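Step one of this worksheet: look at the structure below.
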Amino acid sequence: MKKKVKTVGIVGANLTSLLLCIEASKRGIETILLDQMIDNIAADQAGTNIVGKFDRKNLERLALRVDSIIFTTNLLNGAKEELDEMLPTYPNFKSRELLTDRVKQLVLASEFKIAVPEYFICKDEDDLMQVQDVISIPYRCHQYLDNNLEVYLVEDEEMQRDVKSLINVDEGMCIFEQISNYKQVVTITGLKDNRKNIVLYPISEEEEELDNVQSYIFTPANITKSNAKKIEVIARKIIKHMNSAGMFTFKFGITKDKKIEWIGMTPGVNVGDIHTNHFTQLSVYEQFFNIVENKPIINVDLLQNNCVCITDEMECADNFELPYHLYRMKLKERGDIQIFVVPDQE
């Protein structure tokens with residue numbers, strides 16, 4: 001019989017971590033949060049906080065105090081394979097490698113014939129000189145150096161000059177990846193339990209206001225049935241390949257000619273998945289802890305179309321009709337963030 005889970009370690013502090021801490025508390029499970037910042041979004045809900053880098057020393061220190069570890073961040077360079085020998089980890093080492101390494105994702109995309117944005121791999125100074133001939137602004141630069149990953153967002157020529165002065169191709173490889181002007185950006189969250197069952201949640205569509213004051217996530221996404229099916233097949237195929245229990249979110253861009261490109265993936269979920277607390281039979285957070293407690297996951301239905309609005313504007317409530325659900329987060333560096341979960345309305 002599997003040992004009862006009494007304490008869970010959560011690595012990384014974000015909204016997923018916060019809501020996992022709340023779900024753990026409902027079940028009488030203690031949480032210990034490891035994050036690099038003392039003032040983070042999940043600190044108040046965790047039972048205990050460890051402040052430190054995600055290095056081998058701190059991860060092993062955490063492992064000695066918990067029954068399992070959940071990773072909610074892609075910054076996992078210190079999470080070595082030996083950690084999996086100490087206790088259950090979500091996701092496991094093989095999946096953590098895929099989550100942190102865009103090169104491995106691009107290789108997998110090629111193997112599975114999944115379309116991705118245009119990219120260019122720089123291995124030396126000559127390659128670096130050719131970047132602007134192959135990739136245009138805006139783009140992302142992924143630099144791999146001494147087993148660490150730095151990601152730079154290049155949005156103008158000045159930033160391009162700065163990035164080129166920062167990177168050292170002789171000491172580490174770089175990947176430059178095009179940021180396309182997609183017609184739609186969508187996400188899908190999937191879970192896999194210890195029995196290898198896979199459950200996919202409804203596809204969501206992201207939208208941002210031009211002034212970036214607020215963003216919206218609509219569920220379900222307004223896409224064709226054909227594209228929805230393609231996205232579900234891709235997500236299921238990658239989750240199956242990773243061979244790890246856990247929770248994963250995939251982001252895709254849809255071009256004007258309806259071509260689907262795989263943009264990336266993360267452990268955990270995106271902000272929009274907070275709607276599952278209200279509009280599915282079981283939320284992603286409940287299902288994840290069922291995995292941790294070695295219970296099966298189940299397929300769910302979307303009970304009502306909805307919109308999640310994330311905003312810094314305190315007067316935003318006037319834009320919505322009741323009923324809606326409100327989450328308010330306090331962050332020192334950014335001020336208050338409000339998240340409205342609104343059932344389908346004009």
Exercise for review: Could you tell me which numbered condition ASN299 fails, if it satisfies all but one of (1) modelled with pLDDT of 95 or more; (2) surrounded by 16 or more Cβ atoms within 10 Å (Cβ to Cβ)?
Suggested key: (2)
Check your understanding: When you look at VAL154, is it modelled with pLDDT of 80 or more, touching a Cys at 6+ places or on another chain (Cβ under 9 Å) and closer than 19 Å to ARG102 by Cβ, yes or no?
Key -> yes
Check your understanding: Which residue pairs have Cβ atoms closer than 8 Å, lie 6 or more positions apart in sequence or on different chains, and pair a first residue in the range 155-178 that is within 10 Å of TYR144 (Cα to Cα) with a second residue that is assigned to a helix (DSSP H, G or I) and modelled with pLDDT under 80?
Key -> ILE167/LEU128; VAL169/GLU125; VAL169/ASP127; VAL169/LEU128; CYS174/LEU128
Check your understanding: Of the residues in the range 270-306, how many are part of a loop (DSSP other than H, G, I, E, B), among the polar types (S, T, N, Q) and farther than 18 Å from LEU15 by Cβ?
Key -> 5
Point to revise | Flag if ASP55 is surrounded by fewer than 19 Cβ atoms within 10 Å (Cβ to Cβ), over 21 Å from TYR285 (Cα atoms), touching a Gly at 6+ places or on another chain (Cβ under 9 Å) and not polar (S, T, N, Q) | key: yes
Review point. If you go through the range 12-54, how many residues are of a type in the set (Val, Ile, Thr) and in contact (Cβ under 8 Å) with a residue 24 or more places away in the chain?
Key: 6
**Study point:** Residues that are in a loop (DSSP other than H, G, I, E, B), out of contact with any Leu (no Cβ under 7 Å at 6 or more places or on another chain) and either at pLDDT 95 or above or closer than 13 Å to VAL308 by Cβ (or both), drawn from the range 197-221
**Key:** ASN197, TYR201, ILE203, ALA221
Review point. Restricting attention to the range 5-18, does a residue exist that is part of a strand (DSSP E or B) and surrounded by fewer than 17 Cβ atoms within 10 Å (Cβ to Cβ)?
Key: yes
Point to revise | Of the criteria (1) modelled with pLDDT under 95; (2) closer than 20 Å to TYR327 by Cβ; (3) not small (Gly, Ala, Ser), which one LEU282 fails | key: (1)
Study note, to complete from the structure: If we ask which residues in the range 84-98 are in contact with a strand residue (DSSP E or B) (Cβ under 6 Å, 6 or more places away or on another chain) and in contact (Cβ under 8 Å) with a residue 24 or more places away in the chain, their number turns out to be 4
Review point. Can you find even one residue in the range 271-288 that is out of contact with any strand residue (DSSP E or B) (no Cβ under 8 Å at 6 or more places or on another chain), more than 30 Å from GLU313 (Cβ to Cβ) and not aliphatic (A, V, I, L, M)?
Key: yes
Review point. Within the bounds of the range 16-24, is there any residue that is acidic (Asp, Glu) and within 28 Å of GLY264 (Cα to Cα)?
Key: yes
Check your understanding: Is it true that LEU83 is under 30 Å from ILE234 (Cα atoms) and more than 21 Å from the chain's Cα centre (by Cα)?
Key -> yes
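The values are calculated or read from the model by the stated rules, or taken from the named source; none is laboratory data. Keep in mind it's a predicted model, so treat the numbers as computed, not measured. Neighbour counts are summed over all protein chains in view; Cβ atoms, including those assigned to glycine, are modelled from backbone coordinates with ideal geometry.
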